[in-house]
1. In nanometres, what is the gap between the two model label sites at A:Leu79 and A:Val117, each 7 Å from Cα along Cα-to-Cβ?
2. How about B:Lys299: which aspartates and glutamates have a C-alpha closer than 14 Å to its C-alpha, ignoring those fewer than 8 places off in the same chain?
3. Roughly how tilted is helix B:181-198, in degrees to the nearest 10 and between 0 and 90, from the longest Cα axis of chain B?
4. What FRET efficiency comes out for the pair A:Tyr29/B:Ser63, r = Cβ-Cβ distance, R0 = 56 Å, nearest 0.05?
5. For A:132-142, what's the mean count of beta carbons from other chains sitting within 10 Å of each residue's beta carbon?
6. Between B:Thr254 and B:Tyr73, what is 0.36 nm times their sequence separation minus the Cα-Cα distance? Round to one decimal in nm.
7. With each pseudo-label sitting 7 Å past Cα toward Cβ, what's the A:Val151-A:Lys2 distance in nm, one decimal?
8. For the range B:4-330, what class follows from the C-alpha gyration tensor (a ≥ b ≥ c being the square roots of its eigenvalues): rounded when a/c is under 1.5, otherwise prolate if a/b is larger than b/c, else oblate?
Amino acid sequence: MKAEDFQLSEEIIRKEREMRRESIKRAWYRFSRSKLSMTGLIILLAIIISALFAEYIAPYPSHAGLYINFRDAYQPPSLRHLMGTDMYGRDVFSRVIFGYRYALMMVGMVLSIVVPVGTVLGLLAGYYRGRWIEHLIMRLADIFVSVPPLVLALSICSILEPNVFNAMLAVTLMWWPWYTRMVYSLASSLRNEPYVWAAKALGVRDINIMFRELLPNMLGPILTKATLDASWVVLIGAAISFLGLGAQPPTPDLGTMISEYSAYLPQYWWMSLGPASALALLILAFNFLGDGIRDVFAGE
Amino acid sequence: MSILKVEDLKKYFIVPQGVVRAVDGIDFSLEEGETLALVGESGSGKTTTAHVVMGFYTATSGSVKYRDIEIGYTPIEKRPLELRKEIQIVFQDPATSLNPKKNVKDIIDTAIKIHRKGLSSVERLKFMLSLLEHIGLSEDLLFKKPHELGGGEKQLVALARALAPGPRLLILDEPTSALDISAQARVLNALKKIQEERKISYLLITHDLGVVRNLATYVAIMYLGKIYEYAHVDEFFNRPLHPYTQMLLSSIPTLTEEEEKLLPQRILSRGEIPSPMNPPSGCRFHPRCPFAMDICKKKEPPTMIIKSEHGSHTVKCWLYVNAHERNLNKA
């Protein structure tokens, strides 16, 4: 490569990097302007960190699973036990921190499958509108959507063994059609934009039209939906566990804990109050965050 | 050999209410390095014609030949890259024809990557910079997104993208009608310069007679899916024959008496273009024509060739068929 060519490419790469940094800065500005979305982000980060390092943060890490110490049972909230103790003398606060692990794992696993798969299927169906592939994908989505979500999840969990993994599988299976439907409707309107026709005139391959022309224009709604849905995934996961078809005791899953401890209401109210308010906090954080992400894309 | 030859092209759309005869039997040809302007009101079928040439629609019947190759029935997805390279398009509104999420470099690079394979990224960049300079765009725009550009700049970027593959035929679908006046001039100048230097043929779709005067070599007047007059641009402005053409020309606003004198006999525009779903019988212009005769309502006028110094000037109007023949036709 000639020296001047080298210089030119160096300069372009530098400018490109600069532009990217600039647009990230602008996106962060739009996000950080809203106090609510910042609050959501901070709460979520705190929850993620405490879940990751639960062993070090939880005051009684051993209380997460099977642990019995009847001497400390039924203690109301105090400085030693922030959320009190349960019927076996376990520290509820420690269990809640471990419980976040399962909730976040659920969200991560479900969304990391549902969002890409649902998006790709929706893109295919929307872009190839009128062809057999559209009918195949959308009718399949209709079938999954036509069964009430919780009923579908419950039937999958009861056919298979009730455990955390199968609960995730159930939620994944019931969730993808919603992304497919949303992306489908976006794709089938965007595919008639003149820039798509211009790309066709140039000979851009279909796969590149879908992923490089259409997808960037859908990222806003997709990511906003994903964050707002994260809270729904937490809720549905907890509901499945609450009904006894997800994680089984002594797993410190938030839903399982609420289910277990609700038998001790109202006298030992702190047992269920701990995991329930932890669940509410996580859901709230995701919702605030979703609003912030919407602002980031709306400002563009 | 013409670069583009269209013969008896028809494009019908079937809708729940019936059949829309958007283009109903038109003929024209375009020579290398020339510009043919398809002029008409909205709904006259000019954009449909352009889209058939592009392959966005396929023809219902008739033929569209690009250098003697039939392309009217090959949709864009089925056209080989070598053909797509030859025919490119600039759309009316650059705000929608440029992907809002891509910057100028990525937009033009897409075109270069496909049609100039084997270039390294630096070579592509150099090619892009020379293209931008040629069109009159600053390289500072390279990393801007469409919404950060002015209307004229956007349209020039769209033009650069269309030129990047090295087309021989460029379809300009109302290239200036979404722009403000100063931006229009900029785009028109760039188009003229490029045609002079590269000898590209333009198929210009427009309803702006100012653009026609600036760019066109030949003009075809479309009305409800048919071409009613075809002439060299000088003939078109100096000796318009069809009453519809005269009506269009006399609708140009004038400032002075002298300008007024240049216009043909004043024919006030009346009525609106009827629906192409149910076009009038005979000559489709007769309900709006001040000279309409009985025969105009009954029979479609033949195409008359009138000699002129700029080659053939054709008109489809009963006024130019002599009385004797008209009577024969009546009987």
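1. 5.1 nm
2. B:Glu325
3. Once rounded, one gets 80 degrees.
4. On the way: r = 57 Å, r/R0 = 1.03.
My answer for the efficiency is 0.45.
5. 0
6. Going from the current span to full extension adds 60.8 nm.
7. Inter-label distance under the simple model: 7.3 nm.
8. Prolate shape, in that a/c is at least 1.5 and a/b is the bigger ratio.
FYI, it's all coordinate maths here, none of it is from the lab. Quick caveat: nothing in here was measured; it's all calculated off a predicted structure. Positions of Cβ are backbone-derived with ideal geometry, glycine not excepted, and every protein chain shown enters the neighbour counts.
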